[in-house]
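S.K.: For reference, the structure I am asking about is given below.
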Amino acid sequence: MARSLLYAANWKMHHGPAAARTFIERFLELTRPAEGRRLWFFPPAVSIAATCEAADGRPDITVGAQNVHWEPKGAFTGELSVPLIMEFGARAALVGHSERRHLFGETDEQVGRKVAAVLKAGITPLVCVGETLAEREAGRTEQLVVRQVDAVLERVPSAEWSRVVVAYEPVWAIGTGRNATPDDAAQVHELIRFELGRRGVKVRVPILYGGSVNKGNVLALLARPELDGVLVGGASLEPEGWAELVGMGA
Ligand code: PGA
């Protein structure tokens, strides 16, 4: 069986509804669904509906939110619940992206609650984990990543991991142009799988790599069987470049 790969675009705070629509229209002209290749887009929340509408009819495309709150409703000014993003058409959600953790103080516990809420609603969480440069230099990568995974396991029992996707994104590699080597990435992916297995997760959880992925390094990264795809910020912002990147490695 051919290998299945997932290419996820994290647009962060770029592309309003009009730009998102234009992007997807162009991207659809440039690509065709490919066997074993899934394409995920995480636009800003205000652009989820436009992205879904533009991508309608392309079964290989899933649209998700960049963040959610864990409660289904309530007095949480400025937040979006899972049911709300689903009303826009989202069928996945990024949880615990390092920018959420480090710039907005999201805790391991909140990440766990969010993953549980996303699963409960029947859509797919893409949970991000990864160490900072100081943690890597102190030799604490494994400890840190395992702590982040354990915080999710506290809220999501091992039997429920069949719909979870993980992204390993070392914080020092995000938006810095400095990416982990394929060996660095593969080693941490293997560690995450081993630790999940030890804790009773029986399924093979897909793990993406993220952090300065681009057309120049994606092939070497995806050559490693430990990687099931990539989560990409900067290099996903132009339809031509992104179409070219997702055409590599599959
Ligand atoms: P980058 O971002 O590709 O721009 O490094 C990746 C991410 O933050 O998900």
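The values are calculated or read from the model by the stated rules, or taken from the named source; none is laboratory data. Keep in mind that what you see is a predicted model, and the values were worked out from it rather than measured. Note that each Cβ is placed from the backbone with ideal geometry, even for glycine, and that neighbours are counted across all protein chains shown. Keep in mind that these areas ignore ligands, DNA and RNA; they rest on the heavy atoms of the full protein, side chains included. Shrake-Rupley method; radii C 1.70, N 1.55, O 1.52, S 1.80 Å.
S.K.: Please go through segment 174-214 and pick out each residue that is touching an Asp or Glu at 6+ places or on another chain (Cβ under 6 Å) and open to solvent by 40 Å² or more (accessible area, probe 1.4 Å).
M.R.: Glu190
S.K.: Let me ask something else about it. How many residues does segment 148-183 contain that are modelled with pLDDT under 95 and touching a Pro at 6+ places or on another chain (Cβ under 6 Å)?
M.R.: 1
S.K.: Residues that are open to solvent by 30 Å² or more (accessible area, probe 1.4 Å), closer than 29 Å to Asn179 by Cα, more than 15 Å from the chain's Cα centre (by Cα) and among the hydroxyl-bearing types (Ser, Thr, Tyr): does segment 54-74 have at least one?
M.R.: no
S.K.: Say whether the condition of being under 21 Å from Trp40 (Cα atoms) and not in a loop (DSSP other than H, G, I, E, B) is met by at least one residue in segment 191-205.
M.R.: no
S.K.: Next question, about the same structure. Could you tell me which numbered condition Arg101 fails, if it satisfies all but one of (1) buried (at least 17 other Cβ atoms within 10 Å of the Cβ); (2) under 21 Å from Ala19 (Cα atoms)?
M.R.: Among (1) buried (at least 17 other Cβ atoms within 10 Å of the Cβ); (2) under 21 Å from Ala19 (Cα atoms), Arg101 violates only (2).
S.K.: What pairs come out if I take residues in segment 89-108 that are farther than 19 Å from Leu39 by Cβ and modelled with pLDDT of 95 or more and pair them with residues that are part of a strand (DSSP E or B) and within 14 Å of the ligand (Cβ to nearest atom) whose C-beta lies under 6 Å away, six or more apart or interchain?
M.R.: If the second residue must be part of a strand (DSSP E or B) and within 14 Å of the ligand (Cβ to nearest atom), the pairs left are Val95/Val127; Gly96/Val127; Gly96/Cys128.
S.K.: Output the residues belonging to segment 192-243 that are within 15 Å of Leu5 (Cα to Cα), without any contact (Cβ under 8 Å) to a residue 40 or more places away in the chain and within 15 Å of the ligand (Cβ to nearest atom).
M.R.: Correct list: Val213, Val218.
S.K.: Considering only residues that are surrounded by fewer than 23 Cβ atoms within 10 Å (Cβ to Cβ) and either among the hydroxyl-bearing types (Ser, Thr, Tyr) or closer than 22 Å to Leu103 by Cα (or both), which ones fall in segment 36-48?
M.R.: Of everything in segment 36-48, those that are surrounded by fewer than 23 Cβ atoms within 10 Å (Cβ to Cβ) and either among the hydroxyl-bearing types (Ser, Thr, Tyr) or closer than 22 Å to Leu103 by Cα (or both) turn out to be Pro44, Ala45, Val46.
S.K.: Which residue pairs have Cβ atoms closer than 7 Å, lie 6 or more positions apart in sequence or on different chains, and pair a first residue in segment 42-61 that is in contact (Cβ under 8 Å) with a residue 12 or more places away in the chain and outside any helix (DSSP H, G or I) with a second residue that is open to solvent by 30 Å² or more (accessible area, probe 1.4 Å) and charged (D, E, K, R)?
M.R.: Pairs found: Asp60/Arg38.
S.K.: In the set Val164, Val156, which member is closer than 21 Å to Leu5 by Cα, away from the ligand (no atom under 16 Å from the Cβ), open to solvent by less than 10 Å² (accessible area, probe 1.4 Å) and free of Cβ contacts under 8 Å to residues at least 60 places away in the same chain?
M.R.: Going through Val164, Val156 in turn, the sole match is Val164.
S.K.: Still on this model: Could you grab me the full set of residues in segment 133-145 that are open to solvent by 30 Å² or more (accessible area, probe 1.4 Å) and either in contact (Cβ under 8 Å) with a residue 40 or more places away in the chain or closer than 17 Å to His69 by Cβ (or both)?
M.R.: Scanning segment 133-145 gives a single hit, Glu142.
S.K.: Among the candidates His102, His97, single out the residue that is within 16 Å of the ligand (Cβ to nearest atom) and either of a type in the set (A, V, I, L, M) or over 21 Å from Val205 (Cβ atoms) (or both).
M.R.: His102
S.K.: For the subset of segment 1-35 comprising residues that are among the small types (Gly, Ala, Ser), outside any strand (DSSP E or B) and at pLDDT 95 or above, which member is least open to solvent (accessible area, probe 1.4 Å)?
M.R.: Across segment 1-35, the extreme among qualifying residues is Ala20.
S.K.: Among the residues of segment 130-147, which ones are touching a Gly at 6+ places or on another chain (Cβ under 9 Å) and either within 15 Å of the ligand (Cβ to nearest atom) or over 20 Å from Leu6 (Cβ atoms) (or both)?
M.R.: Within segment 130-147, Gly130, Thr141, Leu144 meet the criteria.
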